[in-house]
Amino acid sequence: MTEALNVDDEEYGDVRTLALIARLADTPDDAFVDAVVADVDDFVGAAPQADDITALFVSFRGEARGEAN
């Protein structure tokens, strides 16, 4: 998704992705995914899709329990 291009051949990019994640930090899971997809779609606009767009969403709902063995 960070490599999605708009009509000006600009990438969506890491900075935009991290800013979006920060803005959506308290958003419920389903709405989070929908908001990310909508933001990328808005950014891309009418530009043709040049590559696949992949995103992985992981939600941790427990407490950290120290280091993994």
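The values are calculated or read from the model by the stated rules, or taken from the named source; none is laboratory data. Keep in mind it's a predicted model, so treat the numbers as computed, not measured. Because the Cβ atoms are built from the backbone with ideal geometry, glycine has one as well, and the counts that use them run over all protein chains shown. When the accessible area is computed, the model is the full protein with side chains, heavy atoms only, and any ligands, DNA or RNA have been set aside. Shrake-Rupley method; radii C 1.70, N 1.55, O 1.52, S 1.80 Å.
Numbers below:
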quantity	calculated
Between 0 and 90°, nearest 10: helix 13-23 axis offset from the chain longest Cα axis	50
LEU24-ASP41 pseudo-label distance in nm [points 7 Å out on the Cα-to-Cβ vector]	1.2
Heavy-atom accessible area per residue - the chain, 1.4 Å, Å²	82
Within the accessible area of the chain (1.4 Å probe), percent carbon and sulfur	51
